[in-house]
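Below is one structure, written out as structure tokens; the observations come after it.
The values are calculated or read from the model by the stated rules, or taken from the named source; none is laboratory data. If you're wondering where the values come from, they're calculated on a predicted model, not measured in any experiment. Note that we place each Cβ from the backbone using ideal geometry, even for glycine, and neighbour counts take in every protein chain shown. When the accessible area is computed, the model is the full protein with side chains, heavy atoms only, and any ligands, DNA or RNA have been set aside. Shrake-Rupley method; radii C 1.70, N 1.55, O 1.52, S 1.80 Å.
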Amino acid sequence: MISLNEKLDRSFRDNDYRIGKETRFYVLTANLINTPYKVFVVDGNSFVRETEADTLAEAKIKGMELLKGYKNEYKLSEVTMCHFKENRGWEKDRDHFPERYENENRHVSNKGVEVNMNEVFEGSFNLSSYQAIFNESETASRCRSVLENIHVEIKPFFEQFCKKNFLLTGNRFIRDYSDTLSTTYSDSRNPKYEEKKKNSSTGKKYYIALNERIGLQEVNLLTLEFNGVDQKLYISVDSTFFPIWYLMRTGKMMSTIHQLPEEISFYFQTEWFKKEIVSVKEFENVFSRFKKQRKRPYYHFGIELPLIETLQSKKLEYYLFKVWDETLPIRERLKDEKVLGEKANYILNLFAEDSQKEDTVQLLNNAYSLIYGEVESYKPRARRQLFSIYDKDQLITKGYFVYFEIDQAHAPNQVMCVTLEGHRHIYSNVRELISNNKIEWWIKKLFATHNLDNTEVMKYAMNLLTNHGIKTDNNAYYIGTFNNENNSFDKEISAMKKDLVIACLLFAFASEKLELPSTTEESEENKEVDETQEIEFVSNFSFKDIYEIIIDSQFTFSLDIIRDFHLNLTALDDKHFVILNGISGTGKTQLCRLYANAVYGLDYESENPYLTIIPVRPDWMDATALFGYYSSFEKKYVMTEFLQVLLSAQREREKPHFIVLDEMNLARVEYYLSDYLSAVESRKEILLHNREDVKDIPQKISIPPNVYVLGTINVDETTHSLSDKVLDRAFVMTLSDVDFENFWSTLDQSVKVLINNEFDILTGIHSDLKSFDLHFGYRTMNEMINKLVRNKELDEDFGLDAMSALDRVISEKILPKLRGDERITELLTTLKSKFLDYFGEESQSCSHIVRMEKELERYGATQFWR
């Protein structure tokens, strides 16, 4: 054996390469600084073969060829492959290369094809010509050139590289950019999409990647990218943000980065074509900044070359070998993270796919029915399942099991969450159940109240759980034990779900979020508990992120409406005042809540401490309705919700505070809002009081720039018009158009099957009414659909037939708002004709229309109400 350095010689003498179960044959590679790879074959205690190689990939192949030349027939169970590096010592091969080598040779042998394993792709790549193609200005021409010149050269080279090095095995596959290029090329030549694709960036780069499927997920193993925007060639291992977040959270990321050689650079990519390099020293800080700002960049670990001149294929192959070899630690970490994710997803699926739909729960000595709904898509990479609690036929409350594959706002891993009426009471990281043994599932509970002793609150809540048969330990409670060997729990899934529901209900009861009848008196000290999870609320006004959250909700708003609303609210730095006008039921208040929650990364139903909805009262006559007043009778300052928000906004300047004045024109807006409007315009303070004995309320207050005021208005005989003073200081939007086609697409298929015909009739009536500005909104449509569905769920002996039920719902929900003068004559004629066809002359709807026609002819005006 040739003489090596002292450390390696000593390791040979001490048999350090014999890792794990001892085998007869060892195929060994040694990487010494500034020397080629050394390759050895050991039989027992004898070194029987040796050679050299330029790269680790080549060394592995040569090692297996040496073994086959020495012993043509051997069992894989007798072979161990290990690798030595001066900075790490001996490590067992993690790629299972001997098995892959044998499988490839067996595949080749079975096909009767001879392959020269040492064959190298000959030739070179003109990188300057690639850059010239990326620089082409016309999208269609550029995409076609990439396909015809770059794709046809790089794909066969990359495939041959992978096959030669036995990388295309098992669940591995190659993915490239060609499908996107082909689609964009076709769309660019289609008049329908031509203008939209005219300035597309597609075709300014080309990539090809080796990926591996792990369950339903993919992990990138190696990517070759030619980037015409950066004018660079990248060879790297790529990852989305969430695996990196998980590895950072578990303390594994930085240690893995420090294992990578200095030649490997780290990049993040916040824009599709632009990569930015980050040093090891700054990696953690840059990551923390992205996390706090809720940005989710891609990460890349590899090398870069300039996209100029000519690159020999052998040289490119060398760089690919180098990156493959040196990025092994991060590649293994990313694969391990995906394996963990698949196991955790399996646990989530056990709960989501449990077949039990009904159960009974005992709460405070009272029995309730527990009904589970269907599992539905909730948001990207999350599902939810409704559960409802009934006392006989009366709904008491409802909540959701939320199955997060990734909680994109708060956790990069699988989470099971249980909510009740918008409050998150249970939140558990499912990955904590994954190990090699049996793991007990204990969920920690946190109370973070503002008014009470949280220690006492915790004690009270845990006592409730104990009294209901749920084991507790300090601030944690036990759900079950997961056996990782057979992937099963020691309890029925339905029993554990039931315990989670009971725990959620008891937490809500203990925190006064839910009232339940009890046979015992509850102590006063446990009232007024503000139960929240310790979650940091971070605002983000990125329109892309806000838009994605809103369109993932169950509501229907167009891009135009969401974009206009966003621009109106954020156009000015120090004044934010938007008024939403429109017919009832078009979602004005819902849009305000959706947007405010989306700014904080929350869904519609989540509780947002920075959103306050204030119903306006008709008796608001002056500014005290918003800013409060000093009561001489009570000897104290009377606080209002509006003032509470202003004081909070003063304390937390970095957080936007949203106030919704619902139906704000029920009172005269210029009367009660005048002080606010003047203060925002002049930036002067508002006088609240002049008393020295009032300590908790300041004498004066200014309007901070982090206050966003939203108003909703309806226009009818009960409301007031807005003065020019108000209109001049606000953006006014009108929400009167409704998209029932999109609304229909959001309904469950089971509902569509039941009322398809009725929905068509209702949308037809809506179209008739819209021509006269008498149409209805989403709320009315949704409530009519719910009644029609409930009618069909009744026993046949009790339910109305479909047309009779539709007649009733039209006369109860649509016709009561019908009124006008001779201008609606044509509308009444149209409706009467339809009602005669659908329901007959004796129907309620037809009778109302006939009466209204007579009143219109006699008095010149008519309305539904007599």
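When the dipole is taken about the Cα centre of region 764-866, and only Lys, Arg (+1) and Asp, Glu (-1) are charged at their Cβ, what size is it in debye, to the nearest 20? Could the numbers behind the result be given before it?
Numbers: 16 positive and 19 negative charges, 97 e Å.
Charge dipole, region 764-866, about its Cα centre: 460 debye, nearest 20.
Calculated FRET efficiency, Leu647 and Thr23, Cβ-Cβ r, R0 41 Å, to nearest 0.05? It would help to have the intermediate numbers written out before the result.
Working: r = 73 Å, r/R0 = 1.78.
The value I calculate is 0.05.
Per-residue counts of other Cβ atoms within 10 Å, averaged by peptide: what ranking do you get for 739-748, 470-479, highest first? Provide the component values of the computation, followed by the final result.
Working: 739-748: 13.3, 470-479: 16.1.
So the order, starting with the most tightly packed, is 470-479, 739-748.
Give a residue-ordered list of calculated ³J(HN,Hα) values for region 132-138 (Karplus: 6.51 cos²θ - 1.76 cosθ + 1.60, θ = phi - 60°; whole Hz; x for Gly, Pro).
Values per residue, Gly and Pro as x: 4, 5, 4, 7, 4, 7, 8 Hz.
Which one, Gln356, Tyr319, Pro329, is farthest towards the positive end of the dipole of region 313-356 when Lys and Arg carry +1 and Asp and Glu -1 on their Cβ?
Tyr319
Roughly speaking, what is the centre-to-centre gap between region 740-791 and region 330-358 when only Cα atoms are used, to the nearest Å?
Region 740-791 and region 330-358 have Cα centres separated by 39 Å.
Go ahead and run the numbers for FRET between Asn365 and His96, Cβ-Cβ distance against an R0 of 60 Å, rounding to 0.05.
0.50
Counting only protein heavy atoms and a 1.4 Å probe, tell me what percentage of region 700-809's accessible area is made up of carbon and sulfur.
Values: 2580 of 5740 Å².
Carbon plus sulfur share of accessible area: 45 percent.
As I understand it, the dipole of region 603-685 uses +1 on the Cβ of Lys and Arg and -1 on the Cβ of Asp and Glu, about the Cα centre. Which of Ser678, Val645, Val616 lies farthest toward its positive end?
Ser678
With a cut-off of 8 Å between alpha carbons and a minimum separation of six or more residues, what is the relative contact order of region 299-384 in percent?
Working: 32 pairs, mean separation 11.9, N = 86.
Normalised by residue count, the contact order of region 299-384 is 14 percent.
Find which of Asn454, Ser128, Phe537 sits farthest along the positive direction of the dipole of the chain, computed with +1 on the beta-carbon of Lys and Arg, -1 on that of Asp and Glu, about the Cα centre.
Going by the charge dipole, the pick is Ser128.
Using a probe of 1.4 angstrom, how much of the accessible area of region 117-192 is carbon and sulfur, in percent? List each step's numbers first, then the result.
Working: 1560 of 3620 Å².
The nonpolar share, carbon plus sulfur, comes to 43 percent.
Using the Karplus equation 6.51 cos²θ - 1.76 cosθ + 1.60 (θ = phi - 60°), what ³J(HN,Hα) coupling, rounded to whole Hz, does each residue of region 86-92 give in order, writing x for Gly and Pro?
3J(HN,Hα) across region 86-92, in whole Hz: 4, 8, 10, x, 7, 9, 6.
Give me the extension gain from Thr256 to Lys544: residue separation times 0.36 nm, minus the current Cα-Cα distance, reported in nm with one decimal.
On the way: separation 288, 0.36 × 288 = 103.68 nm, distance 3.24 nm.
The Thr256-Lys544 span can extend by a further 100.4 nm.
Over 30 Å between Cα atoms, which of Lys85/Lys164; Lys291/Lys314; Lys295/Lys438; Lys38/Lys164 qualify?
On the way: Lys85/Lys164 24 Å; Lys291/Lys314 40 Å; Lys295/Lys438 37 Å; Lys38/Lys164 20 Å.
Checking Cα-Cα distances, Lys291/Lys314; Lys295/Lys438 exceed 30 Å.
Taking amide H positions as placed 1.01 Å from N in the peptide plane, with prolines and chain starts having none, which residues 5 or more places from Gly582, or on another chain, fall under 5 Å of its amide H?
Distant-sequence amide H within range of Gly582: Ile713, Val715, Leu735.
Using the Cβ atoms and a cut-off under 15 Å, what net charge is assigned to the surroundings of Ile755, where Lys and Arg are +1 and Asp and Glu are -1?
Numbers: positive: Lys752, Lys787, Arg790, Lys792, Arg808, Lys813; negative: Asp748, Glu758, Asp760, Glu783, Glu793, Asp801, Asp807.
That sum, taken over residues with Cβ under 15 Å, equals -1.
Rg to Rh for region 709-826: what is it, with Cα atoms only and Rh by Kirkwood? The partial results should precede the final answer.
Values: Rg = 17.8 Å, Rh = 16.8 Å.
Ratio value, two decimals: 1.06.
Treating the angle as unsigned and between 0 and 90°, give the value, to the nearest 10°, between the Cα long axis of helix 56-70 and the longest Cα principal axis of the chain.
50
Would you compute, from DSSP H runs of 4+ residues alone, the mean residue ellipticity of the chain at 222 nm, taking -39500 (n - 2.57) per run and dividing by the full residue count, rounded to the nearest 500?
It lands at -12000 deg cm²/dmol.
For Lys438, which sequence-distant residues (separation of 5 or more, or a different chain) have an amide H within less than 5 Å of its own amide H, given hydrogens modelled in the peptide plane?
Asn484
Once you sort the root eigenvalues of the Cα gyration tensor of region 533-598 as a ≥ b ≥ c, which label holds: rounded (a/c under 1.5), prolate (a/b larger than b/c) or oblate (the other case)? Present the calculation step by step, with values, prior to reporting the outcome.
Details: a/c = 1.61, a/b = 1.18, b/c = 1.36.
Note, shape of region 533-598 comes out oblate.
Can you work out the PRE-style zone for Asp696? Point 7 Å along Cα to Cβ, and I want the residues of region 642-678 with backbone N under 19 Å.
What the label zone holds, given the 19 Å backbone N cut-off, is 642-652.
Students often forget the sequence filter, so: which aspartates and glutamates lie under 16 Å Cα-Cα from Lys68 once same-chain residues fewer than 8 apart are removed?
Hits, sequence-local ones excluded: Asp43, Glu50, Glu58, Glu78, Glu99, Glu102, Glu104.
Starting from the 7 Å offset along Cα-to-Cβ, what nm value, one decimal, do you get for the label separation of Asn135 and Glu271?
Inter-label distance under the simple model: 1.9 nm.
Would you mind working out the accessible area per residue for region 694-824, using a 1.4 Å probe, and quoting it in Å²? Intermediate values should be presented prior to the final figure.
Working: 6960 Å² over 131 residues.
Accessible surface, normalised per residue, equals 53 Å².
Once you charge only the Cβ atoms, +1 for Lys and Arg and -1 for Asp and Glu, what is the size of the charge dipole of region 685-764 about its Cα centre, to the nearest 20 debye? Intermediate results must be reported in sequence, preceding the final value.
On the way: 6 positive and 14 negative charges, 93 e Å.
That gives region 685-764 a dipole magnitude of about 440 debye.
Ignoring ligands, DNA and RNA, what percent of the 1.4 Å accessible area of region 307-423 is carbon and sulfur? The partial results should precede the final answer.
On the way: 2160 of 4800 Å².
Summing carbon and sulfur atoms, their accessible area is 45 percent of the total for region 307-423.
What full-extension length gain, to one decimal in nm, is calculated for Ser804 and Asp728 as 0.36 nm per residue of separation minus the Cα-Cα distance? If you can, show how the numbers build up before the last one.
Details: separation 76, 0.36 × 76 = 27.36 nm, distance 4.95 nm.
Stretched out fully, the Ser804 to Asp728 stretch lengthens by 22.4 nm.
Could you work out the relative contact order of the chain? I mean the mean sequence separation of Cα pairs under 8 Å and 6+ apart, divided by the number of residues, in percent. All intermediate terms of the calculation are to be shown ahead of the outcome.
Working: 1387 pairs, mean separation 53.5, N = 866.
So the answer I get is 6 percent.
Let me have the relative contact order for region 1-109, percent, based on Cα pairs under 8 Å that are six or more residues apart.
With pairs under 8 Å counted, the relative contact order is 26 percent.
On a straight-distance basis, which aspartates and glutamates could pair with Lys491 in a cross-link, Cα separation under 12 angstrom, same-chain partners fewer than 8 positions away excluded?
Glu440, Asp499
If you stretched the chain out fully between Glu284 and Glu605, how much longer would it get, using 0.36 nm times the residue separation minus the C-alpha to C-alpha distance? Each step should come with its number before you reach the end.
Details: separation 321, 0.36 × 321 = 115.56 nm, distance 3.34 nm.
Stretched out fully, the Glu284 to Glu605 stretch lengthens by 112.2 nm.
Rounding to the nearest 20 debye, state how big the charge dipole of the chain is about its Cα centre with +1 on each Lys and Arg Cβ and -1 on each Asp and Glu Cβ. Display every interim value, and only then the final one.
Values: 110 positive and 138 negative charges, 448 e Å.
Magnitude of the dipole: close to 2160 debye.
Could you derive backbone 3J(HN,Hα) for region 674-680 from the dihedral phi with the Karplus parameters 6.51, -1.76 and 1.60 (θ = phi - 60°), listing whole Hz in sequence and x where the residue is Gly or Pro?
Per residue, the Karplus-derived 3J(HN,Hα) values read 4, 4, 4, 4, 5, 5, 5 Hz.
Any idea how far the Cα center of region 818-866 sits from the one of region 600-627, in Å?
Cα centres, region 818-866 to region 600-627: 40 Å.
Once amide H atoms are placed 1.01 Å from N in the peptide plane, what residues at a sequence separation of 5 or more from Lys205, or on another chain, have their amide H within under 5 Å of its amide H?
Placed amide hydrogens put Gly228 under 5 Å from Lys205.
Any idea how far apart Asp14 and Glu263 come out in nm if each label point goes 7 Å out from Cα toward Cβ?
Between Asp14 and Glu263, the label points sit 2.8 nm apart.
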